[in-house]
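The values are calculated or read from the model by the stated rules, or taken from the named source; none is laboratory data. What you see is a predicted model; the values in this text were computed from it and never measured. Please note: Cβ atoms are built from the backbone with ideal geometry, for glycine as well, and neighbour counts cover all protein chains shown. Keep in mind that these areas ignore ligands, DNA and RNA; they rest on the heavy atoms of the full protein, side chains included. Shrake-Rupley method; radii C 1.70, N 1.55, O 1.52, S 1.80 Å.
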Amino acid sequence: MARGVRRSQREKLEEKLVSVEEAITRYGECLEKLKNEKKEIEEELERVEIAELSAILKEKHLSVNDLRDMVNQAG
């Protein structure tokens, strides 16, 4: 049975380089998606925290100015 032509060291390295470049592209795209997802989660978390704070203020019958005054007095 005949074997194929052996690839040179240079050909092997060029193929490996292409493979690594493709992997970098794939992971780069994945990283961008994850960064966008992280940003969306952080924004949603901030909205939830603001909603919780607003609920507490309403529950305690406090205004934003009341809260600001309390923070200023504590600091």
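Residues that are loosely packed, with under 10 Cβ neighbours inside 10 Å and among the β-branched types (V, I, T) within the stretch 5-26 comprise just one, V5. For the condition open to solvent by 100 Å² or more (accessible area, probe 1.4 Å) and in a helix (DSSP H, G or I), what is the one hit in E29, E44, E37? Being open to solvent by 100 Å² or more (accessible area, probe 1.4 Å) and in a helix (DSSP H, G or I) holds for just one of E29, E44, E37, which is E29. Picking from residues in the stretch 47-75 that are of a type in the set (D, E, K, R) and open to solvent by 90 Å² or more (accessible area, probe 1.4 Å), the one that is nearest to the chain's Cα centre (by Cα) is R47.
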